[in-house]
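The values are calculated or read from the model by the stated rules, or taken from the named source; none is laboratory data. None of these values were measured; they are calculated from a predicted model. Backbone-built Cβ (ideal geometry, glycine too); neighbour counts: all protein chains shown.
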Amino acid sequence: MYIEKVNSPADIKSLSKEQLQIMASEIRAGLMNRLSKKGGHFGPNFGFVEATIALHYVFNSPVDKFVFDVSHQSYVHKMLTGRKDAYIYDEHFEDVSGYTNPEESEHDFFNVGHTSTSVSLACGLAKGRDLKGDKENIIAVIGDGSLSGGEALEGIDFASELDSNFIIVVNDNDMSIAENHGGLYKNLKELRDSDGKCACNIFKAMGLDYMYVSDGNDIETLIKAFESIKDINHPIVVHLNTKKGKGYKPAELNKENWHWCMPFDVETGKSKVTFDGEEYGSMTCEYLLNKMKADKKVVAVVAAVPTCIGFTEDKRKEAGKQFVDVGIAEEHAVAMVSGIAKNGGKPVFATHSSFFQRTYDQISQDLCVNSNAATLLVNTASVYGMNDVTHLGIYDIPMMSNIPNLVYLAPTNSEEYFAMLDWSIEQNKYPVAIRIPCNGVIHTDAKVDTDYSDINKYQITQKGENIAIIALGDFYQLGESVSSLISEKTGITPTLINPRFITGADEEMLEELKKNHSKVITLEDGILDGGFGEKIARYYSSSDVKVYNYGLKKEFIDRYSVDDILEQNHLTPELIVNDTLAL
């Protein structure tokens, strides 16, 4: 095997074109080995094998610098830069992350997992190079789906200002995660259909030179193209037409489902991971579809991740114009739903917690300053959510709960979640965000409130004395376990509280607790700094009530074990009870 002998890009430069083609097949076999057993980003990497080989064949990494957007197509780059064992040999799977990572290799310059960033990051590398008077090539790789992101458009707009070597490789496979949305994709199609020659050219309009490569999966053609622009003295876009999922028929035929995969059987393409239980994505989708049928003003909005609330292709068709995918444009989505609400619509925008981080200004300025009644569904906002360092969902509470006018709700079970969602859609006074539960679908027989317009009113679910446990959202069940253990160890029944509202303190209830409680325990599924528990501690700061805040340490964690993180942060019933009783 050729790939087994590759420890750096220099090792492929002596190979013939025929040998490189054989190596491409070996690389796909390595990708298949890892992805079929571990899962990961399938389609983007299978479609970018030849282009990555050609880039490393022509350029001189790490002197010449590559920046991969989102890192969805960086696996082949990793294999060619000394990390092929993590794909060929099962025992080395954990050697690498799913994203570019400077801690792994000198060939990676950024830890990147969010989309639309590569052009801006590479612009910075180019400017730094020019300030030093160096001459290396700077290459930004970006997929067509990422072009809709505001940061990508800002970077491309600025790139011509560099007036020096700068290469933007656009990997155009006519797909984002699902289908692309937005007017620029009409131009990309015109460029593909005209072999790059149509009069309208978005890249030229932004002052960039342009080259089109119709067969972005042909190594020899790609090598010639890259050789012709190596060491170029001005910014240029190299537009490649590639096939997402190339080399594996199921992925070629069903690009959306094969963008990312769980472990699967290679022969059949069927997932090895089956899930027969309830999950909030499909449940939310069915709920919203029913609301849409009953009320034409209800609209679901997503930003390129439609299945985060269960909108598979068939469900999108069923919803019709009451479903909107804005593409990778979360900031636009938040401002847009503010406008929809202002003009009488009932919008629900959903995306992942870490993607909401991009929208702070829009939530604050466009939505909350204007007090428009849009609903934001925050998915995977939990220690139980995604665990890559670039996709952590544990920072939303400090970010969102401190924006004035926003009502941020944390349901503790399925019935409460849908009651909150229904109230939010039907009320017209507040912008509302709801944390979609992330610790499994938990049901209750208890009656749940259907009206949450009495803002910041907590709910006592168990009356007790001496110790009060205020357990937020996903950690309510942890609060139940802590309460049971305290009762078992002391004979005292604690008061258990479901706060429901993340954005404020129920001062009337907190004042009442002073009468027969000396300790208050707060539990929150997020970082403590600036979080929910600190609001409670601040309220009691001038009293004799002792407050114990439990949550997560402020840090970046990567590929963690949930059990390990919970134990490290004393977020187990035994550790919490030992702490509080000892003191």
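Report yes if some residue within segment 368-389 is of a type in the set (A, V, I, L, M), touching a residue at least 60 places away in the same chain (Cβ under 8 Å) and part of a loop (DSSP other than H, G, I, E, B); otherwise report no. Quick ask: steps written out before the conclusion?
We begin by selecting, within segment 368-389, every residue of a type in the set (A, V, I, L, M); these are 369, 373-374, 376-378, 381, 383, 386, 389.
Within this subset, residues satisfying the condition of being touching a residue at least 60 places away in the same chain (Cβ under 8 Å) are 377, 381, 383, 389.
Keeping just the survivors that are part of a loop (DSSP other than H, G, I, E, B) gives 381, 383.
Yes, segment 368-389 contains at least one residue that is of a type in the set (A, V, I, L, M), touching a residue at least 60 places away in the same chain (Cβ under 8 Å) and part of a loop (DSSP other than H, G, I, E, B).
Mind checking which residues of segment 65-98 are in contact with a Ser or Thr (Cβ under 6 Å, 6 or more places away or on another chain), modelled with pLDDT of 95 or more and not in a helix (DSSP H, G or I)?
Scanning segment 65-98 gives VAL67, PHE68, ASP69, SER74.
When you go through GLU508, GLU524 one by one, which is the residue that is among the charged types (D, E, K, R), farther than 16 Å from THR412 by Cβ and outside the structural domain of LEU406 (by TED's automatic domain parsing)?
GLU508
If I ask for residues that are small (Gly, Ala, Ser) and either buried (at least 17 other Cβ atoms within 10 Å of the Cβ) or in contact with a helix residue (DSSP H, G or I) (Cβ under 8 Å, 6 or more places away or on another chain) (or both), which ones from segment 236-272 would you list? Before you say what the answer is, go through the steps one by one.
Taking segment 236-272 as the starting set, the residues that turn out to be small (Gly, Ala, Ser) are 245, 247, 251, 269, 271.
Matches in segment 236-272: GLY245, GLY247, ALA251, GLY269.
Condition first: without any contact (Cβ under 8 Å) to a residue 60 or more places away in the chain, outside any loop (DSSP other than H, G, I, E, B) and either of a type in the set (Phe, Trp, Tyr) or within 23 Å of GLY150 (Cβ to Cβ) (or both). Now tell me which residues in segment 271-306 satisfy that.
VAL299, ALA300, VAL301, VAL302
Go through segment 441-467 residue by residue and tally those that are surrounded by fewer than 20 Cβ atoms within 10 Å (Cβ to Cβ) and touching a residue at least 60 places away in the same chain (Cβ under 8 Å).
1
Tally up the residues in segment 197-228 that are surrounded by fewer than 18 Cβ atoms within 10 Å (Cβ to Cβ), out of contact with any helix residue (DSSP H, G or I) (no Cβ under 7 Å at 6 or more places or on another chain) and either of a type in the set (A, V, I, L, M) or assigned to a loop (DSSP other than H, G, I, E, B) (or both), please.
Summing the residues that are surrounded by fewer than 18 Cβ atoms within 10 Å (Cβ to Cβ), out of contact with any helix residue (DSSP H, G or I) (no Cβ under 7 Å at 6 or more places or on another chain) and either of a type in the set (A, V, I, L, M) or assigned to a loop (DSSP other than H, G, I, E, B) (or both) in segment 197-228 gives 4.
What is the number of the single condition among (1) part of a helix (DSSP H, G or I); (2) in contact with a Ser or Thr (Cβ under 8 Å, 6 or more places away or on another chain) that GLU26 does not meet?
Every condition holds for GLU26 apart from (2).
Could you name every one of the strands (runs of 3 or more DSSP E) located completely within segment 431-487 that has at least 2 residues being touching a strand residue (DSSP E or B) at 6+ places or on another chain (Cβ under 8 Å), under 27 Å from GLY281 (Cβ atoms) and modelled with pLDDT under 95?
On the way: elements: 432-435, 459-462, 466-471.
Here the list is empty.
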